[in-house]
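The values are calculated or read from the model by the stated rules, or taken from the named source; none is laboratory data. Note that the structure is predicted; figures quoted are calculated from it, not measured. Positions of Cβ are backbone-derived with ideal geometry, glycine not excepted, and every protein chain shown enters the neighbour counts.
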Amino acid sequence: MVLNDQVILTENDFNIIMANLRSATGPGAFSGKDAEELKVELNRAKVVKPEKLPADIVRLNSIVKLLDEQSKKIIEVTVVLPAQADLAAKRISVFSPVGTAIIGYPKGKQVKWQVPGGEKLFTIMEVNNPS
């Protein structure tokens, strides 16, 4: 569940994520529930040309600072494709619950999402995108 407006993605990110969704199988694949939640987010996304994407939108390879509203801890993660995910390096898959929750949203928005530890409310504090 998201407390935000429209998800915004570039055409490239949308196509890459959709292709990965279609081909995700085997032991490294994400759960069916996570896949369905990501599909819902993608189906309601506004897809734009890269030059039309606002600078503060979370996209693939964004470095994002999140505030966990319950614990008040700030975490920093990079949103990546599943093959590049590495929790020790703070690289989270776009297919993970948190990755799905924040993709396509701008700095300042709050997202509420079901994660393995229960429902969490996050605020996107900062978004740094690669050039």
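A few remarks follow.
- Total residues in segment 109-131, condition more than 17 Å from Arg44 (Cβ to Cβ), of a type outside the set (S, T, N, Q) and modelled with pLDDT under 95: 9
- Within segment 40-49, none of the residues are at pLDDT 90 or above and out of contact with any strand residue (DSSP E or B) (no Cβ under 9 Å at 6 or more places or on another chain).
- Pairing each residue of segment 35-49 that is more than 15 Å from Ser93 (Cβ to Cβ) and free of Cβ contacts under 8 Å to residues at least 24 places away in the same chain with any residue that is basic (Lys, Arg) and assigned to a strand (DSSP E or B), provided the two are 6+ apart or on different chains, yields no C-beta distance under 6 Å.
- Scope segment 8-26; condition at pLDDT below 85 and loosely packed, with under 13 Cβ neighbours inside 10 Å; matching residues: Arg22, Ser23, Thr25, Gly26
- Listed conditions (1) closer than 18 Å to Glu37 by Cβ; (2) modelled with pLDDT under 95 are all met by Leu66, apart from (2).
- Only one of Lys49, Lys65 that is of a type outside the set (S, T, N, Q) and within 28 Å of Ser23 (Cα to Cα): Lys49
- At least 1 residues being under 13 Å from the mean Cα position of the chain (by Cα) and more than 14 Å from Asp13 (Cβ to Cβ) is the threshold, and among the strands (runs of 3 or more DSSP E) wholly inside segment 25-131 those reaching it are 63-68, 74-80, 91-93, 110-115, 118-128.
- For the condition out of contact with any Lys or Arg (no Cβ under 6 Å at 6 or more places or on another chain), closer than 23 Å to Leu21 by Cα and in contact (Cβ under 8 Å) with a residue 60 or more places away in the chain, Pro116 does not qualify.
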